[in-house]
1. Leaving out ligands and nucleic acids, and using a 1.4 Å probe, what accessible area per residue does the chain come to in Å²?
2. Tell me which lysines have Cα within less than 24 Å of K280's Cα, excluding those fewer than 8 residues away on the same chain?
3. Count the DSSP beta bridges whose two residues both fall in region 174-288, then state the antiparallel fraction as a percent rounded to the nearest 5.
4. What does the charge count around P334 come to, taking other residues whose C-beta lies under 9 Å from its C-beta (Lys +1, Arg +1, Asp -1, Glu -1)?
5. With r defined as the distance between the Cβ atoms of S71 and W267 and R0 fixed at 30 Å, what FRET efficiency is calculated, to the nearest 0.05?
6. Do you know the Lys pair count in region 101-186 for C-alpha distances under 23 Å, with sequence separation 8 or more or different chains?
7. Stretch L239-H205 to full length: gain in nm at 0.36 nm per residue minus the Cα-Cα span?
8. Using a 1.4 angstrom probe with every protein chain in place, what is the largest-first accessible-area order of H205, H85?
Amino acid sequence: MVVFLYFCTMQSKVLLIYTGGTIGMNRNQATGALEPFDFEHLLNNVPELKQFDTQIDTYQFQPPIDSSDMSPARWTDLSHTIADHYDQYDGFVVLHGTDTMAYTASALSYMLENLTKPVVFTGSQLPIGQLRTDGKENLITSIEIAAAKNDEEKAMVPEVGIYFGGHLLRGNRTTKQSAEEFNAFESFNYPHLVDAGVNITYHSHRILTPNWGEPMKAHFRLDNNVIIFSLFPGIREDLIRHIIHTPNLKSIVMRTFGSGNAPQSPWLLQALKEGTRAGKVIVNISQCMQGQVEMSRYGCGYHLQEAGVISGRDSTVEAAVTKLMFLQSLYDDPEQVRHYMEQSIRGELTLTL
């Protein structure tokens, strides 16, 4: 079912949260480097915002940060900001740098349980003050989506999404695919939630449905005792063992080949067994951008199952690592973490393909 944009008679209220990123930067004339400037200057570059039949309020992180400096502490700050203002607004737009936007959107999707309002992340590849900027369209359409309600006065997109280049994508399904193209993000294993052209088209059957009768529950703790490593031909045993036996490390996102395959080296399988027996959660994520992990498909994947490695299915790396941080903050028992890693708790996995 496809639903088109519907404007309600009651004025919507959207909170625009500026964390930093290219969209709000200006070029230093002396050094040529991009630097953040005052949020008011950003708004002055988008006079179109005054045409909205929507109340737009703003909130700025002080100081604005480059997204490369994003951290779990900042995600907690963002979760607090949305939770503190949740009842006052119909939707939220978060301006964020592109480099770690998919990590932040994934983390927030877990931290904001039973979300009943849109949280739309966006940014730009060029500063909003530049002539060819993509920032204006991204910002304007993100606000439209965040403010949109259906004929029952409920949010059209009650989940965390990333809007870029004419598409709204599920936040925890999204990966940055290009450092140069305006179409910087894609959700390779899940179709778009919204497509924006002449009309804004909402694919309602793809959008999460919350429990409208229950409140949103915000979480503010994350446990970042997790690491990501990629397998490659020639990977060294001593380095892998060093990682697996790192003190306090609770979980590993292991990026494997193809549909979840790894070398059948006896030392690797033994090291993975030692890790899982010691209570570490090891999640198998494919290095491919599209497709899913199927460890029973080939013998070299099947041996990983025997070593206690669990399948990340079609999860992105960003969704897997932030989900581990979230689950580890809730559960001390690694078996519970393993259990929920194989469940779709915020639409981050396709359980049947």
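1. Details: 15690 Å² over 353 residues.
I get 44 Å² per residue for the chain.
2. Candidates past the 8-residue exclusion: K250, K323.
3. Details: 6 of 17 bridges.
Antiparallel: roughly 35 percent of the beta bridges in region 174-288.
4. Details: positive: K250, K280, R338; negative: D332, D333, E335.
Combined, the nearby Lys, Arg, Asp and Glu give 0.
5. 0.30
6. Numbers: K117/K136; K117/K149; K117/K154; K136/K149; K136/K176.
Lysine pair count for region 101-186: 5.
7. Details: separation 34, 0.36 × 34 = 12.24 nm, distance 4.56 nm.
Answer, rounded to one decimal: 7.7 nm.
8. Details: H205 115, H85 45 Å².
Largest accessible area first, the residues go H205, H85.
The values are calculated or read from the model by the stated rules, or taken from the named source; none is laboratory data. Bear in mind the structure is a predicted one, so any value in this text is a computation, not a measurement. Neighbour counts are summed over all protein chains in view; Cβ atoms, including those assigned to glycine, are modelled from backbone coordinates with ideal geometry. Ligands, DNA and RNA are stripped out before the accessible areas are found, and what is left, the full protein with its side chains, is counted by its heavy atoms. Shrake-Rupley method; radii C 1.70, N 1.55, O 1.52, S 1.80 Å.
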